[in-house]
Amino acid sequence: MDLGRRIHVVGTSGSGKTTIARALAEGIGVPHVELDALHFRENWVERPDADMLADVVAVAAEPGWVVDGNYGRVGVREVLWPLADTIVWLDLPRSIVMRQMIARTVRRWWSQEPLWHGNRESLRMVLSFSDRSIIWWAWSTHAPNRINYERLLAEPPCRVVRLRSHRDVRDFLERATSEAP
């Protein structure tokens, strides 16, 4: 399966974007770029949108990349999608996303796994019912994200691969990475 060398992996928080993007990037031999790493600095400080977007423009100019993340309000789609060969949309059911999100978040909190720029998920981030809680964020944005991507991808700018189950993801990764150059 020829996906090209510029791939944008999108989907709701907790859907597995980074895991799949890493595997794709390794499989086709291009850099992996995680948008969260461009967005957050130390102590969860958010970079100005214009600074982040400038970094996305620089990434997009490269001959190959797998970028994961959404950041629609920043203008990422307007930069990446016209140049992308493939958009991979992880459209997993909310029950699967929440199971993955809770397990990942608790594991990160418990192990104090460092994320971008040394950030770690705190107990407040795990348990609160605010926009600071990644679990609450995943729950509350799942349905709106699906509606938004259905609208945005109704007339796709390039090839779109929509993955709706773990089996879809597994089969896709097998095909995509086994046939890569």
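The values are calculated or read from the model by the stated rules, or taken from the named source; none is laboratory data. Note that the coordinates shown come from a computational prediction; the quantities given were computed from them, not determined experimentally. Note that each Cβ is placed from the backbone with ideal geometry, even for glycine, and that neighbours are counted across all protein chains shown.
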Take region 80-99 and flag every residue that is surrounded by fewer than 18 Cβ atoms within 10 Å (Cβ to Cβ) and not in a loop (DSSP other than H, G, I, E, B). ARG94, SER95, ILE96, MET98, ARG99
Scan region 100-121 residue by residue and report those that are outside any helix (DSSP H, G or I) and surrounded by fewer than 14 Cβ atoms within 10 Å (Cβ to Cβ). GLN112, GLU113, PRO114, ARG120
I need every pair where a residue in region 1-22 that is at positive phi and surrounded by fewer than 22 Cβ atoms within 10 Å (Cβ to Cβ) has its Cβ under 9 Å from the Cβ of a residue that is among the hydroxyl-bearing types (Ser, Thr, Tyr) and in a strand (DSSP E or B), sequence separation at least 6 or different chains. GLY4/THR86
Residues being touching a strand residue (DSSP E or B) at 6+ places or on another chain (Cβ under 6 Å) and of a type outside the set (Lys, Arg): count how many of those fall in region 1-38. 19
Lone unmet requirement of (1) touching a helix residue (DSSP H, G or I) at 6+ places or on another chain (Cβ under 7 Å); (2) of a type in the set (A, V, I, L, M); (3) at pLDDT 85 or above for ILE134: (3)
Please state which one of ARG124, ARG104, ARG99 is within 25 Å of GLY27 (Cα to Cα), of a type outside the set (Val, Ile, Thr) and modelled with pLDDT under 95. ARG104
Going through region 166-181 in order, the residues found to be touching a strand residue (DSSP E or B) at 6+ places or on another chain (Cβ under 9 Å) and in a loop (DSSP other than H, G, I, E, B) are none
Tell me whether region 96-116 contains one or more residues that are touching a strand residue (DSSP E or B) at 6+ places or on another chain (Cβ under 8 Å) and either among the charged types (D, E, K, R) or free of Cβ contacts under 8 Å to residues at least 12 places away in the same chain (or both). no
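Go through region 133-165 and report how many residues are in a strand (DSSP E or B) and either among the aliphatic types (A, V, I, L, M) or within 26 Å of ARG108 (Cβ to Cβ) (or both).
Residues that pass the stated criteria total 3.
Tell me which residues, restricted to region 43-58, are closer than 21 Å to GLU121 by Cβ, touching a residue at least 12 places away in the same chain (Cβ under 8 Å) and touching a Phe, Trp or Tyr at 6+ places or on another chain (Cβ under 9 Å). Show your work before the answer.
First pass over region 43-58, keeping only residues closer than 21 Å to GLU121 by Cβ: 43-47, 52.
Subsequent filtering for residues that are touching a residue at least 12 places away in the same chain (Cβ under 8 Å) retains 43-44, 52.
Scanning region 43-58 gives a single hit, MET52.
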Determine whether LEU53 is farther than 21 Å from SER140 by Cβ, in contact with a Gly (Cβ under 6 Å, 6 or more places away or on another chain) and either in a helix (DSSP H, G or I) or of a type in the set (D, E, K, R) (or both). yes
